[in-house]
2 protein chains.
Amino acid sequence: MRRLDSRAAGFEAAFANLLAAGAPDDLEVQAPVQAILSAVREHGDEALLDCTRRFDGWIPAGADDLEIPRTRLDAAVAAITPAQRSALQAAAGRVRAYHQRQRQESWQYTEADGSVLGQRVTPLDRVGVYVPGGKAAYPSSVLMNVIPAKVAGVAEIIMVSPTPGGIENPLVLAAAGIAGADRVFRIGGAQAVAALAYGTATVPAVDKIVGPGNRYVAAAKRQVFGTVGIDMIAGPSEVVIVADGSAPADWLAYDLFAQAEHDEQARSILLCPDAAYLDRVAERMAALLPGLERHAIVEAALRQHGALILTRDLVEAATLASDLAPEHLELAVADPQALLPHIRHAGAIFLGAYSPEAIGDYCAGPNHVLPTARTARFSSPLGVYDFQKRSSLIGLSAAGAAALAPLAAQLARGEGLSAHARSAECRLEQS
Amino acid sequence: MRRLDSRAAGFEAAFANLLAAGAPDDLEVQAPVQAILSAVREHGDEALLDCTRRFDGWIPAGADDLEIPRTRLDAAVAAITPAQRSALQAAAGRVRAYHQRQRQESWQYTEADGSVLGQRVTPLDRVGVYVPGGKAAYPSSVLMNVIPAKVAGVAEIIMVSPTPGGIENPLVLAAAGIAGADRVFRIGGAQAVAALAYGTATVPAVDKIVGPGNRYVAAAKRQVFGTVGIDMIAGPSEVVIVADGSAPADWLAYDLFAQAEHDEQARSILLCPDAAYLDRVAERMAALLPGLERHAIVEAALRQHGALILTRDLVEAATLASDLAPEHLELAVADPQALLPHIRHAGAIFLGAYSPEAIGDYCAGPNHVLPTARTARFSSPLGVYDFQKRSSLIGLSAAGAAALAPLAAQLARGEGLSAHARSAECRLEQS
């Protein structure tokens, strides 16, 4: 794992490199993805079946066979262990409780002349949730994507998840049942995105597609954006930890491991002004690494993308962390509130050493779908607001129209739009 | 202008056609746009100067010459007529007042075990605003894009606007001065989007790019999405009017004209259950059309994309309008509140005949940057929320961590992520 020192020559370049590595790479697969999108758009279910046979390695009996009926979801809920079931239910309850506070309400106000202005908030009609299959099939992601849409009041939630080799994941299906997905299709990749965006005879077209996926899924989402809404283009997962040395070194070692076990592209970065503590964490990581189930992945991720960074002080550590705009930021310090003013950008901020990212990933309540690859500079965790939309309300009184029409006409003529001017002014002439 | 009847055979197909025509067409220019993005990314100012010479038809003296200094903005504010200046200032004041109600505040709550959960809202650091030049250079768009960013608290707003032939638009510069743009560059097209996304020696990189543009600009925004945030891909402008026949026919004729004068792609649609009223509006349009300054554009837009639609009743008119998910929806009826429950989708809803879109375009207060081409199904007017972002806050107490760690560990093991499980569980072991 690389060690950096903020006082060393060349630090800025090395640090900038940690950032730059996160740029999206889905542009490279634009051409094959475009071909799949066109095929599904033109040939519907036929193309969807063909892609499923080719890419997912199983042979659906027909288009109907792509849907997993509600009874199979209920059966999955019944089939998992009681401990798993109650953990999923408890997590769903906490996620629901947090997200209920995110609901936005309509508002309006009346001006002195009787004109009414406002903003109306309504849920989306139908939403598609993409859930990756295969090695990264996460039931927790089902909860995190479906529940905010439910809380927003979305009328119909369509979940898609590929079943490589035709093998269903009972925990994923149980999570879909518990979270309340309305319909579930076992399709994936760019073809699933296309089916959701354009609709086929079997898969209904949705208004927005959310959920993480590989770069084919990301490229497909980018290309259908505009036809439907999308959430964000997800990159590799990251954790940045700011530590003051007050937490047991083992805790941070496991937090860095937890991030790194996702895949070889995951990034685990620790910033701390205490060199001896960094040594201790490094030692504990070396000692604990061999005991990890996924130690090969962890080792590769840490070697390629991990960093222990010595800083001048805690404020510099916090400032550097904020510049990284990380997906997850742990403030493993005695007084996290004191550092908060130095944090401008982060997807989720974990306050204090009793708040490991791993608990946030599953059941603290906030969403685990977070902006990656520095996009926390401009985007937000997935939330209820992603499933609500706003309409402006403009209800002018006769007096309001009379007061504003000359203003509007003046500005419209300045733009050469005289029909706009007349449209405003005619409200003055007749009444 | 075409006439449709909701009771006629073939209506559904004809109506669906009104919708389908709005699909985004920027995918066709992906390749040339990709070349421009790469050139600016690799060669910075040099590529920017080259593109400006080639596409905007003027020769900058050097990279510094691309910036319009603050003094020229102030000079523009002084140079326009007092009527124009006070109209811009009054419009800016109303837009600011409305948008101040959109600011979102941070919140948090404490659970029984002392754990704190919340959502922190902060402004973006730096935002780029694209303002089209040439025939669609609209000072009102400057106000509508810059003011919400200012209200959100964005520290630096970079405006770009091309000056074809090197000619500056004094009203656009004055609007930039009045709205409070921090820096203004006279660049446009895909090259301006690239400069804002990647930064050059002269143009600073921003975190998000907003504002309408032609299909090169739209394609460029789509491609840089992820590196920076973007607002939306704007399509042709639309108005849909639901009328009960209570408003003077001239008013609606001008409202339909106002939309159609934007360009040949603009869509003006009137829905009404009263055939005689539709006849009257058609008559008045025929009579008034020749007197319009932009009658050729209006005539072309109405012929290609306009429609007068006879409906069974007002509720059907409202329902069909909602299915169109229009950018602008005028409810030119005596009781607009009665129809509101039937409207699920619209960018802006104008209540009653005294609320023409034209006043909303300039000075009612709500934003005129609205979702087009049916995207109101899933997106919202440009607003302060587009310039704010959220971070989740998770501060668990020792008791909170102890309660949640077993839950998280159970779910993590179900996903094969045992380092996640250990990261949660180690909080139980030591303390």
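FYI, it's all coordinate maths here, none of it is from the lab. Because the structure is predicted, anything quoted here is derived from the model rather than measured. Ideal geometry is used to build each Cβ from the backbone, glycine not excepted, and the neighbour counts take in all protein chains shown.
Restricting things to alpha carbons, find the Rg to Rh ratio for the range A:189-288 using the Kirkwood radius for Rh. Write down the numbers at each step before the final one.
Numbers: Rg = 20.2 Å, Rh = 16.2 Å.
Rounded to two decimals, Rg over Rh is 1.25.
What residues qualify as long-range amide H neighbours of residue A:159, i.e. H under 5 Å apart, gap of 5 or more or another chain, H built at 1.01 Å from N?
Result for residue A:159 returns A:129, A:182, A:183, A:184, A:185.
What is the distance in Å between the Cα centres of the range B:38-52 and the range A:22-84?
Each part reduced to its Cα centre gives a spacing of 41 Å.
Peptide A:240-253: average number of partner chain Cβ atoms within 10 Å per residue?
Working: counts 0, 0, 0, 0, 0, 0, 0, 2, 5, 0, 5, 7, 2, 4.
Per residue, the number of nearby Cβ atoms from other chains is 2 on average.
Just add up the charged neighbours of residue B:66: K/R +1, D/E -1, any other residue whose Cβ is under 15 Å from the Cβ of residue B:66.
Value of the local net charge: -2.
Provide Rg and Dmax in Å for chain A, with only Cα atoms included in the calculation.
25.3, 85
Sort all Cα-Cα distances of the range A:310-357 into consecutive 10 angstrom bins from zero, then give the percent of pairs in each bin up to the one containing the longest distance.
Bins of 10 Å from zero give 30, 62, 8 percent of pairs.
Would you grab the residues whose amide H sits under 5 Å from the one on residue B:2? Only those 5+ places off in sequence or on another chain, please, with H modelled 1.01 Å from N.
For residue B:2, the qualifying residues are B:306, B:308.
With N set to the residue count of the range B:60-134, report its C-alpha Rg divided by 2.2 N^0.38 Å to two decimal places.
Relative to the 2.2 N^0.38 Å estimate, the range B:60-134 comes out at 1.87.
Report the far tail of the P(r) of the range A:348-431, meaning the percent of Cα-Cα pairs longer than 18 Å.
Working: 2295 of 3486 pairs.
In whole percent, the share of Cα-Cα pairs in the range A:348-431 beyond 18 Å is 66.
Once you treat every alpha carbon in the range A:26-230 as an equal point and sum by Debye, what is log10 I(q)/I(0) at q = 0.12, 0.16, 0.18 Å⁻¹?
-0.62, -1.00, -1.22
List, in order, the whole-Hz ³J(HN,Hα) value for each residue of the range A:250-255 obtained from phi through the Karplus relation with A = 6.51, B = -1.76, C = 1.60 and θ = phi - 60°; use x for Gly and Pro.
4, 4, 6, 4, 5, 5
When the Karplus curve 6.51 cos²θ - 1.76 cosθ + 1.60 is applied with θ = phi - 60°, which whole-Hz ³J(HN,Hα) does each residue of the range A:118-127 get, with x for Gly and Pro?
Values per residue, Gly and Pro as x: x, 9, 9, 10, 9, x, 5, 6, 9, 10 Hz.
Nm distances between the label at residue A:338 and the same-position labels in the remaining copies, 7 Å along Cα→Cβ, shortest first?
Label-point separations across copies, in nm and ascending: 6.6.
Helix B:295-305 against the longest principal axis of chain B: what's the angle in degrees, Cα atoms only, rounded to the nearest 10?
70 degrees
Give the percent of DSSP beta bridges with both residues in the range B:70-175 that are antiparallel, rounded to the nearest 5. Walk me through the numbers on the way to the answer.
Values: 4 of 9 bridges.
The answer is about 45 percent antiparallel.
Could you work out [θ]222 nm for chain A from helices alone, using -39500 (n - 2.57) per DSSP H run of at least four and dividing by all its residues? Round to the nearest 500 deg cm²/dmol.
-13500 deg cm²/dmol, from helical runs alone.
Calculate how steeply helix A:215-224 sits against the longest principal axis of the alpha-carbon atoms of chain A, using the helix alpha-carbon long axis, and give the answer as 0 to 90 degrees to the nearest 10.
10 degrees
Which residues' amide hydrogens lie under 5 Å from the amide hydrogen of residue B:274, considering only partners 5 or more residues apart or on another chain, with H built in the peptide plane?
Here the answer is B:311, since their amide H atoms fall under 5 Å of that of residue B:274.
Would you mind checking the tilt of helix A:418-429 against the longest principal axis of the Cα atoms of chain A, expressed as 0 to 90 degrees and rounded to 10?
60 degrees
Using the 7 Å Cα-to-Cβ label point, sort the distances from residue B:312 to its equivalents in the other copies shortest first and give them in nm to one decimal.
Here residue B:312 shows inter-copy label distances of 7.4 nm.
Whole-Hz ³J(HN,Hα) for each residue in the range A:80-86, computed from phi via Karplus 6.51 cos²θ - 1.76 cosθ + 1.60 with θ = phi - 60°, x for glycine and proline: what do you get?
6, 5, x, 5, 5, 4, 6
Translational diffusion coefficient, Stokes-Einstein: compute it for the protein assembly as shown using the Kirkwood radius over C-alpha pairs as Rh, at 4 °C and 1.567 mPa s, and state it as an integer in µm² s⁻¹. Spell out each step's value before the answer.
On the way: Rh = 28.2 Å.
So the translational diffusion coefficient is about 46 µm²/s.
Between copies, how close do the residue A:416 label points come, placed 7 Å along Cα→Cβ, listed in nm from shortest?
Here residue A:416 shows inter-copy label distances of 6.2 nm.
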